[in-house]
Structures are given as structure tokens and as C-alpha cells.
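See below for the structure under consideration.
The values are calculated or read from the model by the stated rules, or taken from the named source; none is laboratory data. As the structure is a prediction and not an experimental result, all values here were calculated from the model. Cβ atoms come from the backbone with ideal geometry, glycine included; neighbour counts cover every protein chain shown. Areas reflect the complete protein model, heavy atoms only, side chains present, ligands, DNA and RNA absent. Shrake-Rupley method; radii C 1.70, N 1.55, O 1.52, S 1.80 Å.
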Amino acid sequence: MTTPARRPSMADVAARAGVSYQTVSRVLNEPEIVRPETRSRVEEGIAALGYTRNRAARALKTTRSSLIGVLTDGSSLFGPAETTTAIETAAREAGYSVLLTTVGAGDAEDRSVGAELVGSGADGILVVAAHEAMVPAVAAVARHTPVLAVSAQAPRVPDVRVVGVDQQLGAMQIVEHLAGTGARSVVHAAGPADWFDARARRDGFDLALEQHDLDGEIVGPGDWTPRSGYDLTTALIARGLPDAIFAANDMMAIGVLHALHEHRLRVPEDVAVVGFDNTLGAEFLIPSLTTVSQPFAELGRVALGRLLDLLDGEDVPAGTPCTLPPRLVVRRSTGAERTH
């Protein structure tokens, strides 16, 4: 009978790298204080042996579980899905495991929501709060555990901090670009009224119209789907098109482009089109879609870092959102900006 292979230990890594056990611990917990050449030898030993931390043992020593809870609504939409993936990646890179729990439709009002996360001993919980229905879920888990919301808007929940992407700024970048191309009238095909991203994009649209003295209108709301973008654009065609259409996301922009194509209208010559999200494949549409790219990878790292700061007692005032700037990606669905 063969003996099961023993799990590699920190002592094994130390012996392979020719350093002390304490040095391996420093590389794992405070790598910045270890000389680069020593750190490199230890990291090579970790990779060669396939060493991973024993979370249970670490929890006994530090009172930390090295487990982060993530609560989402399970949405497959681009923004929430990319945010969740970014958080998971950032947690793994920081040496944390992730317990992902999904709140089903209508379940967020249940006071027991998140009980699995709270009972797991997770050090803290990140809630991807994309819309109003997730606010009760934020409140439920915040009663028991340090919580940080990843959202475009601060949920009305005491002692909950927020990290998000500046959706309002993204919308303002779009309108500024359209004004620069010579557009004088812009219609915003809005997203769902209960989604924080959609609200912030509408607010940014309104502010930018005033700044650039443009004629503008908000139509909708749509539901993030190509069908809603198609239907809203078909109605616009029937009564008269603006110089440009700003769709609330790239999926709605796909519907906008399809409706314009059906009516033999040229983009951007007859009407310019802009989306939001820089969804995979946006550059391969015909014409390629001008849109706004969100820094999801950075969002995941910042959200995790802010949560860990909370756990370490380094507080930020509640209700103070930490917002990251998005980036406008100009492609062929809008004209070139004028230089004078």
C-alpha cells in the first residue's frame, strides 16, 4: 500500500531555497521587506514544490480565515460578471480564497440572505451591488461582517463603504467626444431605472449636455438587451433622428446599429452611435463601435484592498465612494473630432 504524498510545507520551501523558515513567511506576508534575489529564490521554490498555504492553520495563528465572501445576483451581464471575475482574480493573487454566493430574484429582502457567507467565517464580504434590489442584501450581511459594496452608487446602508467605476464621467466623455465631432443633438437610450450604472450614465449625459450646449433627449428605459436598443431606435427613426445616439451599453448599441442598417441609414454619416462597456467583440462590429472601457481588473484589486484596509482598522468614512476613471475608446461608429 502506497503512502499518500505529503503536502509540501514552508520548511520544505525554506530548505529548497536555502533560507530560513522565517524568510519564507516574510515572502508570503511582507514580500516588500525581503531582498529581491532572496524573494526570487523563495518564489521559485514555492512554484517548484507546488506549495500552498494551509488556510485552517493560518486562521488559528492569525484569527484570519484568508477567506473572502462575494455576494452577487448571478447576473451574466457584462459589467457585473466582469466585476465578479476581477474580484476573484484579485483575491487569489493576494492569497485569499473566495466563497461566491448568489442571491436569487426576490431573495434579497430575506433577512437570512448571505447566511452561508457569514457562517463560513469569511474575514469580510464584497457585494456586487449593481441595482436597487441588492441593497437589502448589503444590509443583511453588513449586520454581522465587514462589508464593502462594489457599486456605482453608495447604498443607503450605515457603515458600508463603496468602490466603483465613475459611470457619470464615462457618459460625460461620450458627450464631449460627440460635441467635438460636430454633433448638435444627442439622444440617450437609457438603461433600467433601478440600475445604479444606468442612473449615473443618465446624470452624466444631462450634465454634459449643459456644458456643451447641445440639444438632447433621454428615451427608454431599455433593459440592456439588443432588442430594447432596436425598438427605441425604430421609434426614433419614425419621428426623426438626432445627430448621435448614445446607447446605455454595448448590447443596446448592437440593436441600435441593426435598426439603422435595416433602414439603410449610414453610421456615422447619417447618425453616430456610441455604446458603453467595451464588450468583447465591440471592435469587430460594422462599423466598429465607439464605447467606454471600464478598468475591471483594477476595480477588483482596489475593492479587495479597501476591504482588507477595513479589516486592518484603516477606515474610510462611510458613504465616501472610491471611483475609478473609465476610458473612452473611439472607433468608426463616430466621426473624427474637429481640430478647430
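The residue of the range 60-93 that is modelled with the lowest pLDDT, among those that are assigned to a helix (DSSP H, G or I) and closer than 30 Å to G18 by Cβ, is L60. Restricting the first member to the range 278-301 and to residues that are in a loop (DSSP other than H, G, I, E, B), and the second to residues that are open to solvent by less than 30 Å² (accessible area, probe 1.4 Å) and of a type in the set (F, W, Y), the beta-carbon pairs closer than 9 Å and six or more apart or on different chains are Q294/F276. Take V141 and decide whether it is crowded, with 24+ Cβ neighbours inside 10 Å and over 18 Å from the mean Cα position of the chain (by Cα). For V141, the condition - crowded, with 24+ Cβ neighbours inside 10 Å and over 18 Å from the mean Cα position of the chain (by Cα) - is met.
Residue pairs whose Cβ atoms lie under 6 Å apart, separated by 6 or more positions or on different chains, with the first residue in the range 127-146 and within 18 Å of L77 (Cα to Cα) and the second buried (at least 24 other Cβ atoms within 10 Å of the Cβ) and of a type in the set (G, A, S), are V127/A149; A129/A149; A129/S151. Looking at the range 250-267, can you tell me whether even one residue there is at pLDDT below 95, buried (at least 23 other Cβ atoms within 10 Å of the Cβ), in a helix (DSSP H, G or I) and hydrophobic (A, V, I, L, M, F, W, C)? No, that holds for no residue. Applying the set (1) part of a helix (DSSP H, G or I); (2) at pLDDT 55 or above to A57 leaves exactly one unmet item: (2).
Here V302 does not qualify as modelled with pLDDT of 95 or more and touching a strand residue (DSSP E or B) at 6+ places or on another chain (Cβ under 7 Å). Scanning the range 268-312 for residues that are buried (at least 20 other Cβ atoms within 10 Å of the Cβ) and more than 21 Å from the chain's Cα centre (by Cα) returns P268, V271, A272, V273, L285.
For the range 169-203, what are the residues that are in a helix (DSSP H, G or I), open to solvent by 10 Å² or more (accessible area, probe 1.4 Å) and touching a Lys or Arg at 6+ places or on another chain (Cβ under 7 Å)? G180, the sole residue that qualifies.
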